[in-house]
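A short worksheet on the structure shown next.
The values are calculated or read from the model by the stated rules, or taken from the named source; none is laboratory data. None of these values were measured; they are calculated from a predicted model. Methodologically, a virtual Cβ is constructed for each residue, glycine included, from the backbone with ideal geometry; neighbour enumeration extends over all protein chains shown. Note: accessible area is taken over every heavy atom of the protein model, side chains too, but ligands, DNA and RNA are not part of it. Shrake-Rupley method; radii C 1.70, N 1.55, O 1.52, S 1.80 Å.
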Amino acid sequence: MAALCESFTLCGLGPSGGVGLGGGLLALEPGPDPDHVLLTDRGRTATLFKVSDQKPLGCWSVKHGQIITCPVVCNFETHEYIAVHDDKVLRIWKNKDINLDKVFKATLSADVYRIHSLPNGGPVVLFKGGGVRTLDVLLEAPQQEIENVISDEVIKWSEAFMEGQQPVLIFATEKDGDFFVYVQKLKMNSLHKYKLEQQELSEPLSFTAYLKNQTITLLCLYSNDSVYKVLIPLRQNTEEEEQILSKSLLLNLSVSGSVLKGTSFVVLDKDHIAVLGSLAASGEESKECLTIWNTKFQTLQTSKELPLGTSGQLWCYEEKFFFTHGKVLTVMMYKCETSSLAAAVGKLKDSQTPDVSSFINWNTLGDEELVVSSQSQQSVALKSESRMTLRSKRNTVAEVQPDASSVGQLLLNLKDASTTVLEDELRQLMSKVQMPDLQATVGCVITALINRCKTNPKYYPRNFLLHIVQTQDLSYSLCPDLMAVALEKKDVYLLQICLQRFPDIPEEITYACLKIFLSISEAYLQRIDVNLESVICYIDIEFNNKEVKTEIVENGFNAELEQDIWDTKTTKETHRMGDNEFCPVGPQKAALLNAVLHSAYSETFLLPHLKNLPAQQAVLFLRYLYYLYVKCSEKINTTLPGICSPTINQIMDWMCILLDAHFTVMVMLPEAKELLSSLHKFVRAQVRFYSELNKIEGSLQELQRLNHQKDSQTYSIEVLELI
C-alpha cells in the first residue's frame, strides 16, 4: 500500500525566489547529509538546502557569461562540491569557499555530459562522446585524450551504481530513432553495447534503473503510456558487439478510461513506481498530477493533482518527492508498505490502525452494507489474535464482546432515534472497554454523529461529543470533521478541549481556532462554559468594580459596551495594561488562547495562515503574550502556576512567529507603537540583567569551590571582594 503525505515548499523558483533559481531548475542531487539537497539552476548558480528547515546553507555562482552545464554533485568522501561550466571547465570547492573564481579549476579536453557521485566509489565523469573516467584519474592529467565511444549518437540518460567495490555506469543514447544502451565497468575497463528492441509507433521518453543480484533492471517510460522492463545481466558470456535487448510490459498507465501521459518517473521499491504527468479522460481537460502505481498488481495506488503545473521533472530522495509546482519547488513525503492484493485494491484491514475511510457513513451506506461493514471490522480484529490466545479468551470475550453485527445494527437502528436515546445507547456501546476494535468503534460513532450534523443542521449532540473527546484517546486524523463542525457551530469549549488533547491538529485549523477565539466578545464568553484551569492561578480578575472574585482585579472591561456576540473590534483602551498589572483579555478568552499556545505546530505551515490574521486581533494577541511573558519573568523559575499553563518557551515562540507575520503592520499601527516599545524595553532590561549575572558567574563558582574546601565546623567571618 502506498500513500502521499503532507507537502511543503522548499524554495521559490521565480525572480523573487531568493535563491538564484530564476532560470529554472536543471537538476537536484543529494547533499553531504541525508537532510541536504543540491539544486542547480539553468544558469550560473548552485544552492545547498537543508530540507527539514527549508533554508539555504550555501550558494555559489560562476561569473556572468559562464553557464553551469551539468548538475553540481557532492563528493561524499571529501565533502567537496564538483561543477562543470561551459562544458569543459571543472570546478571543485568546499563549504567554506565563497568565490568560485578562487577555487580549484581544471580545463578538460572534451565536453562533459554528467558527473555521478557514488557514496563508496567517488565521482565518475561521463563525457558526451561516451568516454568515462573516475575523477581521481581525470585530475592526474586534465588534458588527457578522451576516446569517442559513440558515433553520431546523443546521450539521453545515464546512471551509476556500485557492484561490490566496482563502479558501474549505464547510459542510453539515440540515433535516427534507434536507442542504444551502454554498460561500462570502470575497474575492468569493459564496455558492452546493446540495442533496445523497437516499439511500433512509440519511443522511450524517460529512463530509470536499479542494480540487484548482478542484474541491472532498466525501466523505460514510452510515449504509448506504458512502462517496460529490460533485464541486463552484468556478467556476459558472449562476445557479440551489439545485442538486442528484449523488453516486457511492466505497467499500462491507464485506469477507468483515463490515461496518464507520463513525463518522468522514479522507482520507490520492488513493487511501486511514481509517475509525474498529465491524467486525461475522454472529453475532459487533462490535469497534471503525481501518481504512485503498484506494478505487481497493475493498480493506481494514489494520486495528487497539481493545478499550478510542473516542469515535468521528478526526483526522489529519503522518502521524499521533489518537483516544481508553479513557481516553487515542492517537497512531498510518501510511504510505501508491503505489497498485497488487499492493499492494491484498497481493502487492506488493520486491527491496530483502522483506516478512517472504513468508518461507517450513514449517507453512503445502505442498510445491509452498514451491518456487513461492521461485521468485517470486528471479524478482522478477532482474527488478528493468535488461535491459541483466542481459545484461552473465548469465554471472556463472549461476555463483553457484542455479536458480530451488533455495532452496525445498533447504528442502523439509531438513525432516526432521539438525541437522548442515541447518546444512552452509544455510551453503553463504548463502555465495553475490552472490545478489540474500540478505537475503530469510537471513530465510527463520531463519524456517524458528524454526518448526521451535516444532514440535519438543527442536530448537534454537543455534550456527548465533549464526553467522547474527554474520555477517549482520539486524534484529529481519526475524526477530521469534528473540529470543522465545532468551528461552524462556534463551540469554543469543544475546540478548547480538542486543542488540549489532539496531538496532530493541522496549522490551518489551529489558526481558525485562534481567529475565532480573538473575535468573540468577552460578554458572550462569560455566559458559556470554558475550562479555566490554565489561568485561574495567575490572571487578575475583577468585574466592573464589583466584589473581588479572586486575589487581584481585572482589566476594567465593561461588558455593557459590547452587545454583539461576535465583536471583531478590539476593546480600545479599556484593556490597557498600565504597568503590566492587568491582563488585556478576560479569563475565558485567556484560557482559550492558552489552548492554542499548547497546540503543536510547524512554523513553515503556520506562518502563511497567521499573516491573514486581522491587525487588531494580532495586536490583542501580542498584548496577551506580552502579559504572559512579564508574568513568567516575575517567577524565579519562569513558570506560571496552574494546570496546563503556557511555558516560557511556548510564549516566546508564539511572540516570535506573530511578529514575523505582522511586524511591518504593527510598526505602522499607532496602537501597537507603545506595546512594541514596552516589549523592547523589557527584553533589553532582561538582556542586561542576565549579562550582569554572567559577569559574576565565575566569582560565584569560585566561592562555591572555596566553601567546599573549608572546614564547616570552624566558625569564621570572611569578606570576599568581587571584582
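In the stretch 158-172, the residues that are at pLDDT 90 or above form Cβ pairs under 6 Å with partners that are among the acidic types (Asp, Glu), at six or more places apart or across chains, as follows: 170/159. Against the definition (at pLDDT 85 or above, in a loop (DSSP other than H, G, I, E, B) and over 25 Å from residue 668 (Cα atoms)), how does residue 591 come out, yes or no? Criteria not met by residue 591.
Across the stretch 130-152, the number of residues qualifying as under 13 Å from residue 88 (Cα atoms) and either polar (S, T, N, Q) or in contact with an Asp or Glu (Cβ under 7 Å, 6 or more places away or on another chain) (or both) comes to 2.
If you go through the stretch 658-701 one residue at a time, how many are open to solvent by less than 80 Å² (accessible area, probe 1.4 Å), of a type outside the set (S, T, N, Q) and either at pLDDT below 80 or part of a helix (DSSP H, G or I) (or both)?
As a first pass, look at the stretch 658-701 and keep what is open to solvent by less than 80 Å² (accessible area, probe 1.4 Å): 658-659, 661-662, 665-666, 669, 671-672, 675-679, 682-683, 685-686, 691, 693, 696, 698-699.
So of that shortlist, the ones also of a type outside the set (S, T, N, Q) come out as 658-659, 661-662, 665-666, 669, 671-672, 675-676, 679, 682-683, 685, 693, 696, 698.
Now restrict to residues that are either at pLDDT below 80 or part of a helix (DSSP H, G or I) (or both): 658-659, 661-662, 665-666, 671-672, 675-676, 679, 682-683, 685, 693, 696, 698.
Number of matching residues: 17.
Applying the set (1) open to solvent by 60 Å² or more (accessible area, probe 1.4 Å); (2) in contact (Cβ under 8 Å) with a residue 60 or more places away in the chain; (3) out of contact with any Ser or Thr (no Cβ under 7 Å at 6 or more places or on another chain) to residue 308 leaves exactly one unmet item: (2). Mind listing whichever residues of the stretch 18-36 are surrounded by fewer than 17 Cβ atoms within 10 Å (Cβ to Cβ), modelled with pLDDT under 90 and at negative phi? Matches in the stretch 18-36: 23 only.
Taking the criterion of being more than 19 Å from residue 222 (Cα to Cα), hydroxyl-bearing (Ser, Thr, Tyr) and part of a strand (DSSP E or B), the residues of the stretch 269-309 that qualify are 302, 303. Among the residues of the stretch 78-99, those identified as surrounded by 15 or more Cβ atoms within 10 Å (Cβ to Cβ) and under 34 Å from the mean Cα position of the chain (by Cα) are 80, 81, 82, 83, 84, 92, 93, 97.
Residue under question is residue 173, and the condition is that it be open to solvent by less than 10 Å² (accessible area, probe 1.4 Å) and either under 38 Å from the mean Cα position of the chain (by Cα) or of a type in the set (Ser, Thr, Tyr) (or both); does it hold? Judged against the criteria, residue 173 is a match.
Only one of the numbered conditions (1) under 34 Å from the mean Cα position of the chain (by Cα); (2) modelled with pLDDT of 75 or more is not met by residue 638, and that is (2).
Here's the yes/no breakdown for (1) farther than 25 Å from residue 7 by Cα; (2) surrounded by 15 or more Cβ atoms within 10 Å (Cβ to Cβ); (3) at pLDDT below 85:
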| residue | (1), (2), (3) |
| --- | --- |
| 472 | yes, yes, yes |
| 479 | no, yes, yes |
| 496 | yes, yes, no |
| 499 | no, yes, no |
| 509 | no, yes, no |
| 514 | no, yes, no |
| 521 | yes, yes, no |
| 525 | yes, yes, no |
| 545 | yes, no, yes |
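Would you check if residue 286 is free of Cβ contacts under 8 Å to residues at least 40 places away in the same chain and not assigned by the TED database to the domain that holds residue 54?
On the way: free of Cβ contacts under 8 Å to residues at least 40 places away in the same chain: yes; not assigned by the TED database to the domain that holds residue 54: yes.
For residue 286, the condition - free of Cβ contacts under 8 Å to residues at least 40 places away in the same chain and not assigned by the TED database to the domain that holds residue 54 - is met.
Within the stretch 487-514, residues that are on the phi > 0 side of the Ramachandran plot and outside the structural domain of residue 644 (by the TED database) have Cβ atoms under 9 Å from residues that are part of a helix (DSSP H, G or I) and modelled with pLDDT of 90 or more in these pairs: 490/516, counting only partners at least 6 apart in sequence or on another chain. Within the stretch 281-298, being modelled with pLDDT under 90 and open to solvent by 30 Å² or more (accessible area, probe 1.4 Å) holds for 282, 283, 284, 285, 286, 287, 296, 297, 298. Selection within the stretch 37-60: residues that are surrounded by fewer than 18 Cβ atoms within 10 Å (Cβ to Cβ) and part of a strand (DSSP E or B). The member of this set that is modelled with the lowest pLDDT is 55. For the stretch 112-157, give me each residue that is free of Cβ contacts under 8 Å to residues at least 40 places away in the same chain, assigned to a strand (DSSP E or B) and open to solvent by 20 Å² or more (accessible area, probe 1.4 Å). Passing the criteria: 133, 154.
Looking at the stretch 624-631, is at least one residue free of Cβ contacts under 8 Å to residues at least 40 places away in the same chain, under 20 Å from residue 518 (Cβ atoms) and over 30 Å from the mean Cα position of the chain (by Cα)?
In the first step, residues of the stretch 624-631 are kept if they are free of Cβ contacts under 8 Å to residues at least 40 places away in the same chain; the result is 625, 628.
Imposing the further condition that a residue be under 20 Å from residue 518 (Cβ atoms) reduces the set to 625, 628.
So of that shortlist, the ones also over 30 Å from the mean Cα position of the chain (by Cα) come out as 628.
Yes - at least one qualifying residue is present in the stretch 624-631.
So which of 226, 264, 278 ends up being at pLDDT 90 or above, in contact with a Cys (Cβ under 8 Å, 6 or more places away or on another chain) and not basic (Lys, Arg)?
Checking each option against the conditions leaves just 278.
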